[in-house]
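**Student:** Got a structure for you, questions after.
The values are calculated or read from the model by the stated rules, or taken from the named source; none is laboratory data. If you're wondering where the values come from, they're calculated on a predicted model, not measured in any experiment. Here the Cβ is made from the backbone with ideal geometry for all residues, glycine too, and neighbour counts use every protein chain on show.
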Amino acid sequence: MKIIIIGAGPGGYETALLAAKRGVEVVLIESGHVGGTCLNEGCIPTKTFCKNAEVLDSLREGETFGLTDLTYGFDFSKVIDRKNAVVEQLRGGVEGLLNNKLITLVRGKASFKDAHTVTVTPGATPVTIEKSVEYSADHIIIATGSVSSSLPIPGADLPGILTSREILDIEKVPSSLCVIGGGVIGLEFASIFRSFGCEVTVLEYCKDILPRFDTDLAKRLKQSLSKRGISVETQAQVTSITECDADAYTVSYTRKGKEETVTAEKVLMAVGRRANVASLNLDDIGLEYTQRGIVTDERTMQTNIPHIYAVGDINGRMMLAHAATFQGIVALDHIMGVENQIDLSVMPAAVFSSPEAASVGLTEDECKERGLPVKCLKSFFRANGKAVTMGETDGFCKVVVAAEPKEGAQSPYQPGRVLGCHLYGPHSSDIVQEACAMISRKATLEEFQSVIHTHPTLTEVLQSAIHSV
Ligand SMILES: Cc1cc2nc3c(=O)[nH]c(=O)nc-3n(C[C@H](O)[C@H](O)[C@H](O)COP(=O)(O)OP(=O)(O)OC[C@H]3O[C@@H](n4cnc5c(N)ncnc54)[C@H](O)[C@@H]3O)c2cc1C
């Protein structure tokens, strides 16, 4: 068996490694750097910035921890250097892993010649093939990821309007930053740049920030960010951007029928991402896709052309690195006829703001919309011993549990089954993992309650919630 994989992000390269481990020959085609958006301009570089932000925040709190007469400088060029070093180190690691006799890594841009054949032309990176080559295989997995979207408004294409890629390489911390979009990416940068000393305004079109998250969580996180000095405007429809002088932009928006403006040195456009279908020549082979991405079967990631699969951001299902990786496993298993127990509907997600937020499973709002009877169990970080010792008590945890349906009504979930967990507070991205493990095993509240947590740990916030019945 031979597989072609297009794109070497976490969807593509992880699948290539697993396929090779199982003895399958792979042609992996990458037009940029291996590691994709995640490693080169997404998860990894932003999380190195998060660490810098955390260190600065700790220093600001220094007096609380007995540090006196503290003076320090902040050399932003070193932040960028560290970020680049981390990315290069990890990229080198991935390149090393891909140096496998069953994997042919082809550096170039792929497009379909026909449904079994891909033409690769020289790509944009310094390391690329010199002339076009064709490859054919029994199965093809598309994992070409996504690119930043923009708003169709005047001024959106002004030279200084940044995307999440460009802001990672700016030369200095701007005095002020306007972030258009209060989703995960927008909030992470807002939080990071606030810690870097920048005045930050976030403009979000929807009623709440983080539209796909639990409403309670979104509202409380917004308050926390506001307390940190980040101005968050919801229900703000951005209408135009103008350059007001060499060092500033004015962003105009309407909010509740009123015209408003924000002036900032830099503007970050963080209004979501769209599937990277360009240049794949999908129309010629009749591969079905919509504005959201390539249409796939939710369990197998198979497209309308049965031997072609699409995993990761390209199918627009869940634009997360681990979603890409696990969709790749599911696709490979389907190709090879291997059974697995992966439940892609239990997909954890995290926001690496300060404080962090994380979520897995159904939200209370989703349950209400679907008419599912649930009860919600809550606990607060301020009552968690470890959080108090750390001086990080802002946050809460909400566990959504299936309840007994009213007489005559029905629910697909057995009463007591844990359906979701949503939290914000220190290390939420780690804590959510336990809930994820339990929810993916379809655990009941009773089973959840039988798990012993180490004391004193932040994970006890979950224990407190599930014991608050
Ligand atoms: C700023 C930012 C922060 C993020 N933080 C997180 C986070 O903390 N956690 C998280 O889970 N997710 C995060 N994400 C999302 C995550 O990066 C993506 O979900 C993930 O990278 C998707 O993986 P993928 O394999 O589908 O695509 P990608 O990682 O985008 O990889 C696709 C690859 O395909 C290549 N390619 C495209 N077209 C072609 C072609 N025609 N021929 C050959 N190669 C091609 C591209 O060069 C790219 O390398 C973040 C994203 C951004 C932008």
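**Student:** Is it the case, given these coordinates, that A357 is within 16 Å of the ligand (Cβ to nearest atom), hydrophobic (A, V, I, L, M, F, W, C) and within 22 Å of I230 (Cα to Cα)?
**Tutor:** The answer is yes for A357.
**Student:** Taking G229, is it small (G, A, S), exposed (fewer than 15 other Cβ atoms within 10 Å of the Cβ) and farther than 25 Å from G316 by Cβ?
**Tutor:** In short, yes.
**Student:** Tell me whether the range 233-252 contains one or more residues that are within 22 Å of P174 (Cα to Cα), modelled with pLDDT of 95 or more and of a type in the set (F, W, Y).
**Tutor:** Within the range 233-252, one or more residues are within 22 Å of P174 (Cα to Cα), modelled with pLDDT of 95 or more and of a type in the set (F, W, Y).
**Student:** From the list I140, I161, I153, I170, pick out the single residue that is within 20 Å of V295 (Cα to Cα) and among the hydrophobic types (A, V, I, L, M, F, W, C).
**Tutor:** I140
**Student:** Tell me, which strands (runs of 3 or more DSSP E) wholly within the range 110-206 include 2 or more residues that are among the aliphatic types (A, V, I, L, M)?
**Tutor:** 117-121, 139-142, 176-180, 199-203
**Student:** If a residue must be within 12 Å of the ligand (Cβ to nearest atom) and more than 25 Å from Q327 (Cβ to Cβ), how many such residues does the range 126-168 contain?
**Tutor:** Result for the range 126-168: 6.
**Student:** Restricting attention to the range 437-464, which residues are part of a helix (DSSP H, G or I) and within 18 Å of G385 (Cβ to Cβ)?
**Tutor:** E460, V461, L462, Q463, S464
**Student:** Could you name every one of the strands (runs of 3 or more DSSP E) located completely within the range 365-432 that has at least 3 residues being surrounded by 13 or more Cβ atoms within 10 Å (Cβ to Cβ), among the aliphatic types (A, V, I, L, M) and under 26 Å from the mean Cα position of the chain (by Cα)?
**Tutor:** In the range 365-432, 396-402, 418-424 are the strands (runs of 3 or more DSSP E) which contain 3 or more residues that are surrounded by 13 or more Cβ atoms within 10 Å (Cβ to Cβ), among the aliphatic types (A, V, I, L, M) and under 26 Å from the mean Cα position of the chain (by Cα).
**Student:** Further, regarding this structure: Tell me yes or no: at least one residue of the range 344-361 is surrounded by 15 or more Cβ atoms within 10 Å (Cβ to Cβ) and of a type in the set (D, E).
**Tutor:** Within the range 344-361, one or more residues are surrounded by 15 or more Cβ atoms within 10 Å (Cβ to Cβ) and of a type in the set (D, E).
**Student:** Now for a different question. I'd like the residue in the range 51-94 that is loosely packed, with under 12 Cβ neighbours inside 10 Å and among the hydroxyl-bearing types (S, T, Y) and, out of all such residues, is farthest from the chain's Cα centre (by Cα).
**Tutor:** Per the criteria, the residue is T68.
**Student:** Which residues, counting only those in the range 207-218, are buried (at least 22 other Cβ atoms within 10 Å of the Cβ) and in a loop (DSSP other than H, G, I, E, B)?
**Tutor:** Once the filter is applied, which keeps residues that are buried (at least 22 other Cβ atoms within 10 Å of the Cβ) and in a loop (DSSP other than H, G, I, E, B), the range 207-218 yields I209, L210, F213, D214.
**Student:** Mind checking whether some residue in the range 163-172 is closer than 30 Å to E204 by Cβ, touching a Pro at 6+ places or on another chain (Cβ under 9 Å) and surrounded by 15 or more Cβ atoms within 10 Å (Cβ to Cβ)?
**Tutor:** Checked against the condition, which is being closer than 30 Å to E204 by Cβ, touching a Pro at 6+ places or on another chain (Cβ under 9 Å) and surrounded by 15 or more Cβ atoms within 10 Å (Cβ to Cβ), the range 163-172 yields at least one hit.
**Student:** So, one more: Based on what the data block shows, is L221 outside any loop (DSSP other than H, G, I, E, B), assigned by TED's automatic domain parsing to the domain that holds V173 and under 20 Å from A53 (Cα atoms)?
**Tutor:** Yes.
**Student:** Same structure, new question: When the range 108-120 is examined, which residues are found to be more than 9 Å from the ligand (Cβ to nearest atom) and either closer than 16 Å to S279 by Cα or acidic (D, E) (or both)?
**Tutor:** Passing the criteria: F112, K113, D114, A115, T117, T119.
**Student:** Hey, another quick one. Hey, among V271, V232, V277, which residue is aliphatic (A, V, I, L, M), free of Cβ contacts under 8 Å to residues at least 60 places away in the same chain and either touching a helix residue (DSSP H, G or I) at 6+ places or on another chain (Cβ under 8 Å) or over 30 Å from I342 (Cβ atoms) (or both)?
**Tutor:** Step by step, each of V271, V232, V277 is checked, and only V232 is aliphatic (A, V, I, L, M), free of Cβ contacts under 8 Å to residues at least 60 places away in the same chain and either touching a helix residue (DSSP H, G or I) at 6+ places or on another chain (Cβ under 8 Å) or over 30 Å from I342 (Cβ atoms) (or both).
**Student:** Restricting attention to the range 413-463, report how many residues are free of Cβ contacts under 8 Å to residues at least 24 places away in the same chain and under 18 Å from L344 (Cα atoms).
**Tutor:** Final tally of qualifying residues: 3.
**Student:** Among the helices (runs of 4 or more DSSP H) contained in the range 1-103, which hold 2 or more residues that are more than 16 Å from the ligand (Cβ to nearest atom) and assigned by TED's automatic domain parsing to the domain that holds F326?
**Tutor:** 12-21, 43-60, 76-98
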